[in-house]
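The values are calculated or read from the model by the stated rules, or taken from the named source; none is laboratory data. Because the structure is predicted, anything quoted here is derived from the model rather than measured. In this analysis, Cβ positions are derived from the backbone assuming ideal geometry, glycine residues included, and neighbour counts consider all displayed protein chains.
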Amino acid sequence: MSTEQFFVGLKVIDLSTVLAGPSVGSFFAEMGAEVIKLESPQGDVTKTWFANGENKEELSAYYRAVNHNKVVAQIDLNSEREKLSEYLKDADVLLTNFKEGDDIKFQLTEAHIRSIQPNIIIAKIQGFEKDTQRVAYDVVLQAETGFMAINGEKDSNPLKMPVALMDVLAAHQLKEGILCALLHKATTGKGSTVSCSLEMAGMASLMNQASIYLKSQIVPKSSGSLHPTICPYGEIIRFKDDVQIVLAIGSNRQFADLCLILGLPELAADVQFENNAVRVTNRMSLIKMLQQAADHFNSFNILPSLLQRNVPFGQIKTMDEVMEQAYKIGAIKNDTVTATPYVKSVAFDIQYI
């Protein structure tokens, strides 16, 4: 059984909008579930969120990113109660992201839903954990959970990530909750209610940045791509042909090989750079020397040698270059309904025994 067939027979009703909830629906659709997205007569607002240059005669790329492999139908929640009940009576999962009070307005409280399907899994996305009436979009939560304060170059203005990161993180959390609920249902036959806020998902993802504060009361600041304790790690160098790479040097051996390949073998023995601690202290002068050396080479003269010697680096690729690689590794699929291409949300593989 492939991942594309794992949830065959599972029925998911997707009443959510924008990104977090719909991306959960797409995850289950990719894995074989029947996912029916019920939209208001006006449709999901993201259908018209076009980027500059997009063909506005088609659905927006934003909408397509998280609504593939679904059957989409219209429903007026104010007047089509019987129609909604038909969809829900044999559903396994219901996805929602209602504003505060809309569940009462549409008669879709947990009590209402369970009167139709007692053992359904109700999965809810909200913005803030406690302040449930507050309007919450991704950038609001990127600000409120500290991500904007630590993102950007040193002394730059706060920056948001160029993807809806809080929605993505909350969607992953909700998927995990639904999977736990499905396991519970498989063993007990009973449904569950799973909920996740963008606020809680963001805070849960702060990892070491939060731990630094909790341990030492040090408030992390933005520092660009540079690693606070490893060098050169996060430094970017540009070659003569304008190809850029980011370095991720984690050992003295890797640093010595990097210097050798760039024609600077003596640098690895220099007392200013002989170990990681002094490299961190002298990182500004070090990156200047590495960049001056890179100025004399085209990338195709250097990158194969870095790969051969297992020197860790990443080529900074544009989206067209990334998509070329995505096709090569099988990350692109075609929507089973519209035949349009999308990037898979299921990134894992399972070998069943």
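Is it the case that Phe255 is in a loop (DSSP other than H, G, I, E, B) and touching a Lys or Arg at 6+ places or on another chain (Cβ under 8 Å)?
Working: in a loop (DSSP other than H, G, I, E, B): no; touching a Lys or Arg at 6+ places or on another chain (Cβ under 8 Å): yes.
Answer is no for this residue.
Applying the selection to the range 189-211, what residues are among the aliphatic types (A, V, I, L, M), more than 19 Å from the chain's Cα centre (by Cα) and crowded, with 16+ Cβ neighbours inside 10 Å? Let's see the steps before the verdict.
Going residue by residue through the range 189-211, those that are among the aliphatic types (A, V, I, L, M) are 194, 198, 200-201, 203-204, 206-207, 210.
Going one step further and asking which of them are more than 19 Å from the chain's Cα centre (by Cα), we end up with 194, 210.
Correct list: Val194 only.
Going by what's in this entry, would Ala326 be described as surrounded by fewer than 17 Cβ atoms within 10 Å (Cβ to Cβ), in contact with a Lys or Arg (Cβ under 6 Å, 6 or more places away or on another chain) and not charged (D, E, K, R)? Before the answer, list the steps.
Values: surrounded by fewer than 17 Cβ atoms within 10 Å (Cβ to Cβ): yes; in contact with a Lys or Arg (Cβ under 6 Å, 6 or more places away or on another chain): no; not charged (D, E, K, R): yes.
No.
If we scan the range 181-188, do we find a residue that is at pLDDT 95 or above, under 28 Å from Arg114 (Cβ atoms) and within 24 Å of the chain's Cα centre (by Cα)? So that I can check it myself, show each step before the final result.
The first filter runs over the range 181-188 and keeps only residues at pLDDT 95 or above, leaving 181-188.
With under 28 Å from Arg114 (Cβ atoms) added as a condition, the list becomes 181-188.
Cutting the leftovers down to within 24 Å of the chain's Cα centre (by Cα) gives us 181-182.
Scanning the range 181-188, I find at least one residue that is at pLDDT 95 or above, under 28 Å from Arg114 (Cβ atoms) and within 24 Å of the chain's Cα centre (by Cα), so the answer is yes.
Residue-wise test of (1) at pLDDT 95 or above; (2) in contact with a strand residue (DSSP E or B) (Cβ under 9 Å, 6 or more places away or on another chain); (3) within 19 Å of Leu307 (Cβ to Cβ); (4) in a loop (DSSP other than H, G, I, E, B).
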{"site": "Val246", "(1), (2), (3), (4)": "yes, yes, yes, no"}
{"site": "Cys259", "(1), (2), (3), (4)": "yes, no, yes, no"}
{"site": "Gly263", "(1), (2), (3), (4)": "yes, no, yes, yes"}
{"site": "Leu267", "(1), (2), (3), (4)": "yes, no, no, no"}
{"site": "Val271", "(1), (2), (3), (4)": "yes, no, no, yes"}
{"site": "Glu274", "(1), (2), (3), (4)": "yes, no, no, yes"}
{"site": "Arg279", "(1), (2), (3), (4)": "yes, no, no, no"}
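Could you list, in sequence order, the residues of the range 1-55 that are assigned to a helix (DSSP H, G or I) and either without any contact (Cβ under 8 Å) to a residue 12 or more places away in the chain or more than 19 Å from the chain's Cα centre (by Cα) (or both)?
Narrowing the range 1-55 to residues assigned to a helix (DSSP H, G or I): 3-5, 20-30, 45-48.
Once the filter is applied, which keeps residues that are assigned to a helix (DSSP H, G or I) and either without any contact (Cβ under 8 Å) to a residue 12 or more places away in the chain or more than 19 Å from the chain's Cα centre (by Cα) (or both), the range 1-55 yields Thr3, Glu4, Gln5, Val45, Lys47, Thr48.
Rundown of residues vs (1) basic (Lys, Arg); (2) touching a Pro at 6+ places or on another chain (Cβ under 8 Å); (3) part of a loop (DSSP other than H, G, I, E, B), yes/no style:
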position: Arg114; (1), (2), (3): yes, no, no
position: Ala123; (1), (2), (3): no, no, no
position: Ala136; (1), (2), (3): no, no, yes
position: Gln142; (1), (2), (3): no, no, no
position: Ser156; (1), (2), (3): no, no, yes
position: Leu159; (1), (2), (3): no, no, yes
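Write out, first by first residue and then by second, each pair whose Cβ atoms fall under 9 Å of each other, whose residues are 6+ apart or on separate chains, and whose first residue, in the range 231-246, is touching a residue at least 60 places away in the same chain (Cβ under 8 Å) while the second is among the charged types (D, E, K, R) and in a loop (DSSP other than H, G, I, E, B).
Pairs found: Phe239/Asp295.
Hey, does the range 157-170 have a residue that's more than 19 Å from the chain's Cα centre (by Cα) and within 28 Å of Ser223 (Cβ to Cβ)? Don't jump to the end; show me each part of the working.
Here is the first cut: in the range 157-170, the ones more than 19 Å from the chain's Cα centre (by Cα) are 157-158.
If we keep only those that are within 28 Å of Ser223 (Cβ to Cβ) too, we end up with 157-158.
Looking for residues that are more than 19 Å from the chain's Cα centre (by Cα) and within 28 Å of Ser223 (Cβ to Cβ), one finds at least one in the range 157-170, hence yes.
What number of residues in the range 260-281 are out of contact with any Lys or Arg (no Cβ under 9 Å at 6 or more places or on another chain) and either touching a residue at least 24 places away in the same chain (Cβ under 8 Å) or loosely packed, with under 14 Cβ neighbours inside 10 Å (or both)?
13
Looking at the structure I just gave you, is Asp102 closer than 18 Å to Asp44 by Cβ and exposed (fewer than 15 other Cβ atoms within 10 Å of the Cβ)?
Details: closer than 18 Å to Asp44 by Cβ: yes; exposed (fewer than 15 other Cβ atoms within 10 Å of the Cβ): yes.
Criteria met by Asp102.
So which residues in the range 211-244 are assigned to a helix (DSSP H, G or I) and either assigned by TED's automatic domain parsing to the domain that holds Ala293 or among the hydrophobic types (A, V, I, L, M, F, W, C) (or both), if there are any at all? Give the steps one after another, and end with the answer.
Start the filter on the range 211-244 by keeping residues that are assigned to a helix (DSSP H, G or I), which leaves 211-216.
Those that are assigned to a helix (DSSP H, G or I) and either assigned by TED's automatic domain parsing to the domain that holds Ala293 or among the hydrophobic types (A, V, I, L, M, F, W, C) (or both): Ile212, Leu214.
Filter the range 16-37 down to residues that are buried (at least 21 other Cβ atoms within 10 Å of the Cβ), within 17 Å of Lys124 (Cα to Cα) and among the aliphatic types (A, V, I, L, M), then give me how many there are.
4
Enumerate the pairs (first residue in the range 123-149 and closer than 30 Å to Ile113 by Cβ and modelled with pLDDT under 95; second residue anywhere and surrounded by fewer than 16 Cβ atoms within 10 Å (Cβ to Cβ) and small (Gly, Ala, Ser)) with beta-carbon separation below 9 Å, excluding pairs fewer than 6 apart on the same chain, so at least 6 apart or on different chains.
Filtered contacts from the range 123-149: Gln133/Gly101.
Hey, does the range 284-299 have a residue that's touching a helix residue (DSSP H, G or I) at 6+ places or on another chain (Cβ under 8 Å), of a type in the set (Ser, Thr, Tyr), at pLDDT 95 or above and not in a strand (DSSP E or B)?
Quick first cut of the range 284-299, residues touching a helix residue (DSSP H, G or I) at 6+ places or on another chain (Cβ under 8 Å) only: 286, 289-290, 294.
So of that shortlist, the ones also of a type in the set (Ser, Thr, Tyr) come out as none.
No.
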